[in-house]
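Since the structure comes first, as C-alpha coordinates, the remarks are kept for the end.
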Amino acid sequence: MKIVVDRARCTGLGICESFAPEVFEVDDNGDLVLSSETVPDGLESEVEQAVTGCPTEALRLEK
Ligand code: SF4
(Lines give C-alpha, C1' and ligand atoms only; values in the text may rest on other atoms or scores of the structure.)
Protein backbone atom coordinates (compact mmCIF):
# COMPACT_ATOMS: atom_id res chain seq x y z
CA MET A 1 0.00 0.00 0.00
CA LYS A 2 1.23 3.44 -0.94
CA ILE A 3 1.38 6.40 1.46
CA VAL A 4 0.15 9.62 -0.13
CA VAL A 5 0.81 13.03 1.45
CA ASP A 6 -1.17 16.12 0.57
CA ARG A 7 1.61 18.65 1.13
CA ALA A 8 -0.80 21.57 0.92
CA ARG A 9 -2.64 20.23 3.99
CA CYS A 10 0.35 19.11 6.07
CA THR A 11 1.18 21.56 8.84
CA GLY A 12 4.26 19.66 10.08
CA LEU A 13 3.02 19.06 13.60
CA GLY A 14 4.32 15.52 13.58
CA ILE A 15 1.37 13.63 15.01
CA CYS A 16 2.04 10.98 12.38
CA GLU A 17 5.63 10.72 13.58
CA SER A 18 4.48 9.98 17.11
CA PHE A 19 2.46 6.99 15.83
CA ALA A 20 4.99 5.63 13.33
CA PRO A 21 8.45 7.22 13.72
CA GLU A 22 9.93 4.47 11.54
CA VAL A 23 8.07 5.92 8.54
CA PHE A 24 7.31 9.59 9.26
CA GLU A 25 9.74 12.29 10.32
CA VAL A 26 9.31 16.05 10.45
CA ASP A 27 12.64 17.66 9.62
CA ASP A 28 14.10 20.85 11.08
CA ASN A 29 12.26 22.92 8.46
CA GLY A 30 8.92 21.44 9.47
CA ASP A 31 8.69 19.36 6.30
CA LEU A 32 7.41 15.83 6.48
CA VAL A 33 9.88 13.23 5.23
CA LEU A 34 8.82 9.65 4.50
CA SER A 35 11.40 6.92 4.98
CA SER A 36 9.28 4.73 2.72
CA GLU A 37 6.70 5.47 0.01
CA THR A 38 4.91 2.25 0.83
CA VAL A 39 3.73 0.76 4.13
CA PRO A 40 6.53 -1.46 5.47
CA ASP A 41 5.66 -5.02 6.48
CA GLY A 42 4.68 -5.20 10.12
CA LEU A 43 3.89 -1.49 10.46
CA GLU A 44 0.41 -1.52 8.92
CA SER A 45 -1.39 -0.75 12.16
CA GLU A 46 1.01 2.07 13.16
CA VAL A 47 0.74 3.71 9.73
CA GLU A 48 -3.07 3.43 9.79
CA GLN A 49 -3.10 5.13 13.19
CA ALA A 50 -0.90 7.90 11.78
CA VAL A 51 -3.26 8.37 8.84
CA THR A 52 -6.37 8.57 10.99
CA GLY A 53 -4.55 10.63 13.64
CA CYS A 54 -3.46 13.38 11.27
CA PRO A 55 -5.52 16.41 12.32
CA THR A 56 -5.50 17.99 8.86
CA GLU A 57 -6.31 14.79 6.92
CA ALA A 58 -3.11 15.19 4.93
CA LEU A 59 -2.42 11.45 4.75
CA ARG A 60 -4.14 8.67 2.89
CA LEU A 61 -3.34 5.14 1.80
CA GLU A 62 -3.67 4.02 -1.80
CA LYS A 63 -3.92 0.39 -2.91
S1 SF4 B 1 0.20 14.53 11.30
FE2 SF4 B 1 -0.54 15.27 9.30
S3 SF4 B 1 -0.18 17.46 9.37
FE4 SF4 B 1 1.05 16.57 11.00
S5 SF4 B 1 3.07 16.19 10.07
FE6 SF4 B 1 1.88 14.34 9.84
S7 SF4 B 1 0.93 14.51 7.82
FE8 SF4 B 1 1.59 16.54 8.40
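Is it the case that Glu48 is at pLDDT 95 or above, open to solvent by 30 Å² or more (accessible area, probe 1.4 Å) and in a helix (DSSP H, G or I)?
yes
Within region 1-40, considering only strands (runs of 3 or more DSSP E) that don't extend past its boundaries, which have at least 2 residues that are more than 8 Å from the ligand (Cβ to nearest atom), among the aliphatic types (A, V, I, L, M) and loosely packed, with under 13 Cβ neighbours inside 10 Å?
On the way: elements: 2-5, 24-26, 32-34.
Result: empty, no element qualifies.
Kindly evaluate Thr56 against the criterion of being β-branched (Val, Ile, Thr), out of contact with any Pro (no Cβ under 8 Å at 6 or more places or on another chain), open to solvent by 30 Å² or more (accessible area, probe 1.4 Å) and assigned to a loop (DSSP other than H, G, I, E, B).
Spelling it out, Thr56 is indeed β-branched (Val, Ile, Thr), out of contact with any Pro (no Cβ under 8 Å at 6 or more places or on another chain), open to solvent by 30 Å² or more (accessible area, probe 1.4 Å) and assigned to a loop (DSSP other than H, G, I, E, B).
Considering only region 29-57, how many residues are in contact with a strand residue (DSSP E or B) (Cβ under 9 Å, 6 or more places away or on another chain), under 12 Å from Gly14 (Cα atoms) and among the acidic types (Asp, Glu)?
0
In region 43-62, which residue that is more than 11 Å from the ligand (Cβ to nearest atom) and touching a Lys or Arg at 6+ places or on another chain (Cβ under 8 Å) is nearest to Glu22 (Cα to Cα)?
Leu61
Determine which member of the set Val39, Val26 is out of contact with any Gly (no Cβ under 8 Å at 6 or more places or on another chain) and modelled with pLDDT of 95 or more. Break it down into steps so the answer makes sense when it comes.
Values: Val26 fails: out of contact with any Gly (no Cβ under 8 Å at 6 or more places or on another chain).
Being out of contact with any Gly (no Cβ under 8 Å at 6 or more places or on another chain) and modelled with pLDDT of 95 or more holds for just one of Val39, Val26, which is Val39.
The values are calculated or read from the model by the stated rules, or taken from the named source; none is laboratory data. Values in this document were obtained by computation on a predicted structure and should not be read as measured data. For neighbour counting, all protein chains shown are included, and Cβ atoms are generated from backbone atoms with ideal geometry for every residue, glycine included. Just so you know, the surface numbers come from the protein's heavy atoms only, side chains and all, with ligands and any DNA or RNA stripped out. Shrake-Rupley method; radii C 1.70, N 1.55, O 1.52, S 1.80 Å.
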